[in-house]
């Protein structure tokens with residue numbers, strides 16, 4: 001077995017040193033009825049690298065990759081180009097095969113990238129502090145809701161109709177378990193401002209998303225003002241972090257907590273994970289924040305260095321009083337994010353965001369020109385919702401036959417909400433002019 | 001001194017070879033000094049070349065960014081150098097033995113990295129039509145099948161994104177089952193051993209449960225008498241969270257009796273599967289009477305730890321808890337595999353735990369690992385991991401203080417007993433190991449052992465590596481007993497000296513700013 005260095009002679013010699021006859025002795029505490037005499041039944045034995053790779057390639061080849069042709073799926077995960085350098089960096093042994101930097105003297109590499117990541121995320125969002133990342137945007141959103149209840153000592157959260165329904169459901173799961181009331185506003189393409197009308201003295205926070213799941217951009221400043229007037233917090237959510245290259249930031253909108261998905265920078269689509277949840281807040285709420293934080297300090301020689309800090313919020317110290325049960329961050333995805341962001345810089349990010357926005361404008365124009373198509377989003381970044389006279393299922397299936405993956409049917413996200421004919425489509429820098437043209441032509445044929 | 005024909009010395013002079021050297025650059029030979037990107041980059045620079053924008057009038061509806069990010073960029077050569085220099089300040093499994101107990105730092109096979117990057121896995125979108133991702137769904141099902149067979153459990157929730165998230169899945173399933181029984185309000189008490197990992201009580205509390213701690217017996221296992229006493233009044237019992245093998249590296253020999261007691265009390269048995277790597281292929285937790293258990297794919301099945309994540313925590317469930325499994329999950333139909341994504345189709349499900357379908361990138365790696373080992377190889381994995389740990393225990397027993405009598409499972413636990421009256425503490429032993437070229441063991445965990453040192457060598461270490469490590473640790477132990485003061489200031493040879501953690505917490509500086517650090521105390 002290629003991964004196991006012990007030889008039969010080694011094993012015998014080690015048993016002798018230990019004074020045991022066989023490894024069976026080490027399992028002496030296992031109840032007799034639960035001891036397996038041989039390998040677990042109904043499972044194959046070991047295979048060589050060639051055989052395993054062959055099997056995995058066979059499975060992979062059954063999937064249609066985003067790069068295989070015109071591709072316009074968004075709704076919380078986005079197809080972007082990742083510079084080759086990023087993957088090279090995250091495959092460095094010293095990053096890939098290390099763990100949580102519990103011993104900072106031999107983990108300054110990981111810790112410094114964490115500190116740089118926190119700084120980048122804070123600057124992108126215009127917020128005061130960022131943590132070292134969460135599992136993904138949806139769990140970051142759920143944790144934000146629970147945190148807002150801790151901060152305000154109130155017990156109700158209100159979620160907008162444009163919040164990604166996976167985020168809303170994830171938040172509902174965590175809130176219900178914690179005894180928090182959840183108010184979900186009706187799904188709406190352009191309804192984020194409705195949050196302002198749902199604030200009373202029980203509401204801990206309102207959660208709005210921009211761009212929302214339909215692609216609509218909203219300045220949430222008025223919602224923030226209404227929330228603050230009512231003693232509640234504004235939580236803002238984004239699923240497309242590239243939008244922050246052009247969009248008004250959560251900080252500029254007065255967000256108290258801003259969370260989102262960082263996948264678009266550095267992390268491949270990967271069928272939904274692992275991704276990297278971004279979590280930021282005002283510094284006055286720092287002690288209520290979930291997740292890992294890295295801070296600057298000095299070593300015994302007075303040299304600058306970094307350590308994990310403020311761990312008195314965390315489960316290993318506070319146990320059942322911790323701010324969250326989270327015990328990791330999304331380490332390697334965080335590294336991919338920060339490396340890609342470093343390659344971009346402000347200049348590259350603004351440029352990238354502009355290309356995305358222009359692609360979406362072209363898509364809206366091309367599809368909007370098709371007879372029967374009505375574009376529903378009026379302010380958007382790189383994603384739009386549109387309606388056709390036909391059921392979205394039928395339209396997308398017909399497009400798929402022409403090898404165009406045209407987007408997500410809104411009813412997959414919101415069943416029974418009257419969105420049967422609505423499609424949500426994203427265009428990033430990866431969507432070429434000919435992809436967009438092919439989409440419009442195919443759509444015209446389908447309709 | 002010998003010279004070659006050009007006058008270049010070909011042997012070294014021994015006079016000043018050990019002199020301490022300070023350098024103008026701050027670098028030390030191969031170890032390069034490296035600033036923050038905010039100090040070495042600039043906003044005008046970028047490492048990407050993108051197509052020229054057309055100049056379309058924007059349709060952002062006025063929701064535009066006021067202030068630029070101010071974030072610096074680096075060109076590609078500068079960026080590569082930045083991260084490579086930083087990487088060299090990290091210890092890693094690929095460098096040497098990484099005996100961090102309860103973390104299972106084993107070799108990460110590179111085949112797994114290769115297959116995870118196949119475009120058919122890495123470049124597929126979670127929301128693209130299900131007809132176009134049948135291979136991805138098949139892979140998830142195949143891994144699920146292995147996990148169920150290895151544990152002898154009838155169901156598995158694949159979406160949890162880490163071990164602690166898996167714990168949450170299990171406890172939410174228990175909560176949902178209690179509610180379905182009409183006992184959700186009544187049964188709120190969860191028993192948790194004091195030796196448990198902090199995530200256990202934190203998770204239970206997140207689900208609205210009240211934690212009741214059970215004592216540890218002198219042999220490092222659950223104190224069965226204390227457990228029984230806590231069950232005398234049992235109408236409020238929701239369940240127990242028990243790690244097995246436990247955090248002391250020991251198998252809970254009364255586990256079946258504990259399962260029976262909990263079930264008789266009307267509660268459920270959550271088993272923390274963090275240490276499944278010690279028993280995989282030799283013991284199936286389903287044969288022990290458990291109701292739920294998460295499996296850390298990054299531990300038992302060697303997906304890379306990546307500097308602290310991402311993990312993956314599929315959670316196996318018993319017949320009793322299976323109906324409450326989170327969405328989405330996969331159904332096999334006559335037309336192929338299909339995702340059940342909504343509560344309306346799975347009314348008993350406790351709901352959704354995250355966007356999309358779990359840690360696919362970890363599933364591909366874990367399946368490659370599992371197929372490579374097979375049922376026979378996985379059994380050998382557990383046996384070698386346990387053998388290696390017992391070897392370390394046997395070799396260090398003469399110079400250190402084993403926390404408990406007898407054999408261990410996959411990790412060897414020592415107390416700081418041998419350091420009594422030396423002035424040397426567990427942390428000093430750990431830092432001494434750094435100078436010897438090793439990552440330290442887990443220190444001060446589990447909490448039930450004073451000054452705990454938890455050593456998990458894993459099965460991917462050779463006997464020669466183990467001997468080298470034991471020699472190094474034994475020498476440090478001997479130096480400690482002789483009160484060697486240099487241990488108090490170790491490490492001396494690492495990229496950094498001991499760091500001031502108190503200062504970091506007292507005046508938190510969590511992001512770079514152009515101004516010098518403020519030192520005022522935070523609220």
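The values are calculated or read from the model by the stated rules, or taken from the named source; none is laboratory data. What you are looking at is a predicted structure, and each value in this text was computed from that prediction instead of being measured. Neighbour counts run over all protein chains shown; Cβ positions are idealised from the backbone, glycine included.
Annotations for the structure displayed:
- Across segment A:211-237, the number of residues qualifying as touching a residue at least 40 places away in the same chain (Cβ under 8 Å) and closer than 17 Å to residue A:75 by Cα comes to 9.
- Residue within segment B:472-494 that is surrounded by 19 or more Cβ atoms within 10 Å (Cβ to Cβ), more than 10 Å from chain A (Cβ to nearest Cβ) and in a strand (DSSP E or B) present: no
- With respect to the conditions (1) within 18 Å of the chain's Cα centre (by Cα); (2) modelled with pLDDT of 95 or more; (3) crowded, with 18+ Cβ neighbours inside 10 Å, residue B:111 falls short on a single one, namely (1).
- Tally of residues being modelled with pLDDT of 95 or more and either within 29 Å of residue A:254 (Cα to Cα) or within 7 Å of another protein chain (Cβ to nearest Cβ) (or both) across segment B:40-55: 11
- Of all residues in segment A:301-322, those satisfying the criterion of being part of a loop (DSSP other than H, G, I, E, B) and either surrounded by fewer than 21 Cβ atoms within 10 Å (Cβ to Cβ) or modelled with pLDDT of 90 or more (or both) are A:301, A:302, A:303, A:309, A:310.
- Qualifying residue in segment A:431-446 (condition: crowded, with 19+ Cβ neighbours inside 10 Å, modelled with pLDDT of 95 or more and within 11 Å of chain B (Cβ to nearest Cβ)): no
- Among the residues making up segment B:495-517, those that are at the interface with chain A (Cβ under 7 Å from one of its Cβ atoms) and assigned to a helix (DSSP H, G or I) are B:501, B:503, B:504, B:505.
- Only one entry in A:210, A:216, A:221, A:236 is within 14 Å of chain B (Cβ to nearest Cβ) and more than 22 Å from the chain's Cα centre (by Cα), namely A:221.
- Listing of helices (runs of 4 or more DSSP H) fully contained in segment A:391-447 that carry 3 or more residues being touching a helix residue (DSSP H, G or I) at 6+ places or on another chain (Cβ under 6 Å): A:392-401, A:433-446
- Among the residues here, residue B:132 does not qualify as within 7 Å of another protein chain (Cβ to nearest Cβ), at pLDDT 95 or above, loosely packed, with under 15 Cβ neighbours inside 10 Å and touching a strand residue (DSSP E or B) at 6+ places or on another chain (Cβ under 9 Å).
Residue-by-condition table, conditions (1) touching a residue at least 60 places away in the same chain (Cβ under 8 Å); (2) facing another protein chain (nearest Cβ under 8 Å); (3) surrounded by fewer than 23 Cβ atoms within 10 Å (Cβ to Cβ):
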site	(1), (2), (3)
B:90	yes, yes, no
B:100	yes, yes, no
B:125	no, yes, no
B:137	yes, no, yes
B:157	yes, no, no
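- Test: residue A:204 is crowded, with 24+ Cβ neighbours inside 10 Å, assigned to a strand (DSSP E or B) and over 17 Å from the mean Cα position of the chain (by Cα): yes
- Annotation: of all residues in segment B:56-66 being more than 23 Å from residue A:266 (Cβ to Cβ), facing another protein chain (nearest Cβ under 7 Å) and touching a helix residue (DSSP H, G or I) at 6+ places or on another chain (Cβ under 9 Å), the one that is surrounded by the fewest Cβ atoms within 10 Å (Cβ to Cβ) is B:56.
- Some residue of segment B:67-88 being closer than 30 Å to residue B:445 by Cα and in contact with a helix residue (DSSP H, G or I) (Cβ under 6 Å, 6 or more places away or on another chain): yes
- Residue in segment A:376-387 that is farthest from residue B:62 (Cα to Cα), counting only those that are surrounded by fewer than 22 Cβ atoms within 10 Å (Cβ to Cβ) and touching a strand residue (DSSP E or B) at 6+ places or on another chain (Cβ under 7 Å): A:387
- Count - residues of segment A:86-98 that are crowded, with 19+ Cβ neighbours inside 10 Å and either in a helix (DSSP H, G or I) or not assigned by TED's automatic domain parsing to the domain that holds residue A:113 (or both): 6
- Members of segment A:174-189 found to be touching a strand residue (DSSP E or B) at 6+ places or on another chain (Cβ under 9 Å) and buried (at least 20 other Cβ atoms within 10 Å of the Cβ), listed by number: A:175, A:180, A:185, A:189
- Check on residue A:105, at pLDDT 95 or above, more than 7 Å from chain B (Cβ to nearest Cβ) and over 21 Å from the mean Cα position of the chain (by Cα): no
- Restricting attention to segment A:229-250 and to residues that are out of contact with any strand residue (DSSP E or B) (no Cβ under 7 Å at 6 or more places or on another chain) and over 20 Å from residue A:341 (Cβ atoms), the residue that is surrounded by the fewest Cβ atoms within 10 Å (Cβ to Cβ) turns out to be A:229.
- Single residue of segment A:1-18 satisfying the filter (within 7 Å of another protein chain (Cβ to nearest Cβ) and assigned to a loop (DSSP other than H, G, I, E, B)) that is nearest to residue B:114 (Cα to Cα): A:3
- Failed condition for residue A:256, given (1) facing another protein chain (nearest Cβ under 10 Å); (2) surrounded by 24 or more Cβ atoms within 10 Å (Cβ to Cβ): (1)
- Looking only at residues of segment A:36-67 that are touching a strand residue (DSSP E or B) at 6+ places or on another chain (Cβ under 9 Å) and either more than 7 Å from every other protein chain (Cβ to nearest Cβ) or in a loop (DSSP other than H, G, I, E, B) (or both), we find that the one that is farthest from residue A:412 (Cα to Cα) is A:36.
- Residue within segment A:325-336 that is within 18 Å of residue A:127 (Cβ to Cβ), more than 19 Å from the chain's Cα centre (by Cα) and at pLDDT 95 or above present: no
- Within segment B:337-373, considering residues that are outside any helix (DSSP H, G or I), touching a strand residue (DSSP E or B) at 6+ places or on another chain (Cβ under 8 Å) and more than 7 Å from every other protein chain (Cβ to nearest Cβ), the one surrounded by the fewest Cβ atoms within 10 Å (Cβ to Cβ): B:340
- Members of segment B:313-336 that are part of a loop (DSSP other than H, G, I, E, B) and closer than 17 Å to residue B:137 by Cβ: B:314, B:325, B:326, B:328, B:334, B:335
- Residues located in segment A:374-388, provided they are in a strand (DSSP E or B) and within 11 Å of another protein chain (Cβ to nearest Cβ): A:375, A:380, A:384
- Residue under evaluation residue B:298, criteria (1) crowded, with 24+ Cβ neighbours inside 10 Å; (2) in a loop (DSSP other than H, G, I, E, B); (3) touching a strand residue (DSSP E or B) at 6+ places or on another chain (Cβ under 8 Å), criterion not met: (3)
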